[in-house]
């Protein structure tokens, strides 16, 4: 069973419905025991980093999440929260992945980066099994992580940035796999099959 | 590269999908969930669900319908219709919507835009604008869901697009009323005139009738997406065919 952490920000239902369509059992929770015992954990989220970090702190989840041993997937804001800090509201984050989240930059760039953009795969990973090289996925964000050793796939919008990353058992996607058509479904399915 | 978006809109009234011409004389088109599913499978890049009379009737969009559609589709889902409070928006997002679009309620109470942005983030908040050309300028209209309620919002469209962006709106859908339902092409003149003032994604709405109209609006008005209703509902244009056509003409499209 996958535990979906309820960080109190919107869009959790989209993730729940996507897993339901795939027939993958999941539970939305803030319960430490449920999270610790889950086969995988998803940290979703849209909205502001500051609000989400405050919610996680209030639930005592900021100390629990970095210690999790099973596969963990951060989605969108959930990805950004896994880094050390975010420029958005200048807030300290969970510190699982080294680096700081920064605002997207580029000449005359329309912000937010909203819509379908392509992945450029950088490394092999079970998470990327069956994903073609030029797959389109759905993004909605204004901040991003730069390309680093953790980058499994990057995307270009004004600049190259990390679209999918991995640090040990922590995986993260800047886009929304739950709203990325068949490609997104495959990514979620792949994640659900990664064992501890 | 970021792809241009093709966005079918489900105009809903009394639990069925309807379509009018220039916001009047609505006819019944079909079943909500069946259409939503078909568009998602045909390759739509996003789906908009718009309860057209919610605002003018002082109620909000049906939560049950939002959930039924959200469960079926695997593409982004934007919901519009009578959303007047942060709490209503929260419920709709909890039912599986990804974005909230507001139109008349934003004109009634512009501060609502800031409140929604603070609660859910810029990327979540879309502003729909019904814009009409008259007296040599573009003017905003509200309560356009019914001919009994439609009225001028007493604002110039250019002023309003700038204000909503200052308040944090993450996307603007510009419904060009003179073209709505006419299937004679998007209002390239209006969209091009306003584009320099819009620094968030801009979605063209109103007037699509032919494949060429979509190509024109992407090439000539530099919009990020094109929204249409009747041409998709009535199967005058197949989304898959449209996307192949645009791709052949060097428009970046998700296939």
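Among A:69, A:102, A:123, determine the one that fluctuates most according to a GNM of chain A built with springs between C-alpha atoms less than 10 Å apart.
A:123
What translational diffusion coefficient, in µm²/s and rounded to a whole number, does the Stokes-Einstein relation yield for the stretch A:2-193 at 37 °C and a viscosity of 0.692 mPa s, taking the hydrodynamic radius as the Kirkwood radius over Cα pairs?
In µm²/s, the coefficient is 201.
I'm checking a number: the convex hull volume of the Cα atoms of the protein assembly as shown, normalised per residue, in Å³. What is it? Let's see the in-between values first.
On the way: hull volume 56.4 nm³, N = 451.
Hull volume over Cα atoms, normalised by residue count, gives 125 Å³.
If I model a spin label as a point 7 Å beyond the Cα along the Cα-Cβ vector, how far apart are those points for residue A:1 and residue B:192 in nm?
6.0 nm
Could you work out the mean projected area of the convex hull around the alpha carbons of the stretch B:19-150, in square nanometres to one decimal?
Numbers: hull surface 35.0 nm².
Taking the Cα atoms of the stretch B:19-150, their convex hull projects to 8.8 nm² on average.
With contacts defined as alpha carbon pairs under 8 Å and 6 or more residues apart, what's the relative contact order of chain B in percent?
19 percent
Could you state the per residue volume, in Å³, of the convex hull enclosing the Cα atoms of the stretch A:83-196?
Residue-normalised Cα hull volume stands at 102 Å³.
In percent, how large is the relative contact order of chain A, given Cα pairs closer than 8 Å and 6 or more residues apart?
In percent, rounded to a whole number, it is 20.
Which value results when the Cα radius of gyration for the stretch A:43-93 is divided by 2.2 N^0.38 Å? The partial results should precede the final answer.
Details: Rg = 10.2 Å, N = 51, 2.2 N^0.38 = 9.8 Å.
Cα-based Rg divided by the globular estimate yields 1.04.
For the stretch B:122-183, taking Cα atoms only, what is the radius of gyration to one decimal and the Dmax to the nearest whole Å?
Expressed in Å, the Cα Rg and Dmax of the stretch B:122-183 come to 12.1, 34.
Determine by what factor the alpha-carbon radius of gyration of the stretch B:149-221 differs from 2.2 N^0.38 Å, reporting the quotient.
Compared with the compact-globule rule of thumb, the stretch B:149-221 sits at 1.13.
If you wrap a convex hull around the Cα atoms of the stretch B:1-61, how much volume per residue is inside, in Å³?
Spread over its residues, the Cα hull of the stretch B:1-61 gives 106 Å³ apiece.
Between residue B:137 and residue A:123, take the C-beta separation as r, use R0 = 45 Å, and let me know the FRET efficiency to the nearest 0.05.
On the way: r = 54 Å, r/R0 = 1.21.
E between residue B:137 and residue A:123, to the nearest 0.05, is 0.25.
Pop the C-beta distance of residue A:87 and residue B:244 into the FRET formula with R0 = 41 Å and round what comes out to the nearest 0.05.
Efficiency for this residue pair is about 0.50.
Got the relative contact order for the stretch B:29-77 handy, in percent, Cα pairs under 8 Å and 6 or more residues apart? Please list the in-between numbers first.
On the way: 34 pairs, mean separation 25.7, N = 49.
52 percent.
Beyond 25 Å, what percent of the Cα pairs of the stretch B:5-248 remain?
The calculated P(r) of the stretch B:5-248 puts 35 percent of pairs beyond 25 Å.
How big is Rg to Rh over the stretch B:89-167, alpha-carbon atoms, Rh as the Kirkwood inverse-mean-distance radius?
With Rh from the inverse mean 1/r over Cα pairs, Rg/Rh is 1.01.
Computed from the coordinates by the stated procedures, all read-outs in this text should not be read as laboratory data. Computed from a prediction, not measured in an experiment: that's the story for all the values here. Glycine gets a Cβ as well: all are built from the backbone with ideal geometry, and neighbour counts include every protein chain shown.
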